[in-house]
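Working notes, beginning with the structure itself.
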Amino acid sequence: MPITINVGKTGLSDTILEEIKRQLERHETLRVKFLPSCENRKELVASLAERIGAKKVRKVGFVVVLERV
């Protein structure tokens, strides 16, 4: 089971992006869950992998599974 990071109302802040990158360095896969309080979830889900240089393995609703490249 991959590590899960929850993204809330702050969205993809610099702090969250750095934590996602750090966890991908430690683990091969990572699950990012966008909570209902997160604004612009659809756009953020679509652009996350590209923004951090990871491979999007799967997307189910507002949960994205990323893999280290």
Item to check | Rounded to 5, the percent of DSSP beta bridges in the chain classed as antiparallel | outcome: 65
Item to check | Within the accessible area of the chain (1.4 Å probe), percent carbon and sulfur | outcome: 47
Next on the checklist: Loop-only GluC sites (Glu not before Pro) in region 1-50, please: DSSP not H, G, I, E or B, and at most 13 other Cβ atoms within 10 Å.
Outcome noted: 28, 39
Checklist outcome for this item: With label points set 7 Å from each Cα along the Cα-to-Cβ direction at residue 40 and residue 25, the distance between them in nm comes to 2.7
Checklist entry - Just in the chain: which trypsin sites (Lys or Arg not before Pro) are loop by DSSP and have at most 11 other Cβ atoms within 10 Å? => result 9
Next on the checklist: Using each residue's phi in region 42-49, evaluate 6.51 cos²θ - 1.76 cosθ + 1.60 at θ = phi - 60° and report the 3J(HN,Hα) Karplus result to the nearest Hz, with x for Gly and Pro.
Outcome noted: 4, 5, 5, 4, 5, 9, 4, 4
Checklist outcome for this item: The Cα radius of gyration of the chain, divided by 2.2 N^0.38 Å with N its residue count, comes to 0.97
Checklist entry - At what distance in nm do the modelled label points of residue 13 and residue 60 sit from each other, each positioned 7 Å from its Cα along Cα→Cβ? => result 2.9
Item to check | Percent RCO, i.e. relative contact order, over the chain, from Cα pairs under 8 Å lying at least 6 residues apart | outcome: 35
Checklist outcome for this item: Computed for the chain: size of charge dipole around the Cα centre, +1 on C-beta of each Lys and Arg, -1 on C-beta of each Asp and Glu, debye to nearest 20, value 240
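The values are calculated or read from the model by the stated rules, or taken from the named source; none is laboratory data. All values reported here derive from a predicted model rather than from experimental measurement. FYI the Cβ positions are ideal-geometry reconstructions off the backbone, even for glycines, and counts take in every protein chain you see. Side chains included, ligands, DNA and RNA excluded: accessible areas come from the protein's heavy atoms. Shrake-Rupley method; radii C 1.70, N 1.55, O 1.52, S 1.80 Å.
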